[in-house]
Amino acid sequence: MLRPAALLAAGAARVLTRLPPARLRRVLAFASRGARPATADQALRARNAVVYVSLACAGPRCLQRSVAAALLCRLGGTWPQWCTGVVTEPFGAHAWVAVNGEPVGEDAAHVRAFHVIMTVPPRR
């Protein structure tokens, strides 16, 4: 049931991740308007669905995976918190979705090492 929507979300995410960061954030903020906050279960189902249908989302492309999961949630009328962050030593960047500040489908200890630099929270 989620498969066609997951494919659509993964494809849209592939295009959107080519945008400059500020523009991507604005597009996602616009997409989040009017959505209910996602539950952890809804966000995890969306993340798992995009990982299932897309090798890129299943692999190292965390930005595409996180955008796709957020978009798939939005297709269902909800929105998780979308986040990006960095660590400096050694330098690394990561993107993920969260609910109530808790990363979804990620190793929480690993994600907490990242300093959040951009986020699109659900609007309540």
* Between Ala109, Ala12, Ala40, which gets the highest mean-square fluctuation from a Gaussian network model of the chain, Cα cutoff 10 Å? -> Ala109
* So what's Rg/Rh here for region 1-116, counting alpha carbon atoms and using the Kirkwood radius for Rh? -> 0.94
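Two decimals, Cα atoms only, Kirkwood Rh: what is Rg/Rh over region 10-77?
My calculation of the ratio gives 0.95.
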* Structure fact -> Distance in nm between Asp107 and Arg25 label points, each 7 Å along Cα→Cβ, equals 2.8 nm
* Quickly estimate the mean residue ellipticity at 222 nm for the chain, helices only: each DSSP H run with n ≥ 4 gives -39500 (n - 2.57), and the total goes over all residues, rounded to 500. => -15000 deg cm²/dmol
* Quantify, in whole percent, the carbon and sulfur part of the accessible surface of region 75-124 (1.4 Å probe; protein heavy atoms only). => 57 percent
* Structure fact -> Using alpha-carbon positions, the gyration tensor of region 57-124 gives root eigenvalues a ≥ b ≥ c; with a/c under 1.5 called rounded, otherwise prolate if a/b exceeds b/c, else oblate, the class is prolate
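The values are calculated or read from the model by the stated rules, or taken from the named source; none is laboratory data. These figures come from a predicted structure and were not determined experimentally. We place every Cβ from the backbone using ideal geometry, glycine too, and count neighbours over all the protein chains shown. These area figures cover heavy atoms from the full protein model, side chains too; ligands, DNA and RNA do not enter into them. Shrake-Rupley method; radii C 1.70, N 1.55, O 1.52, S 1.80 Å.
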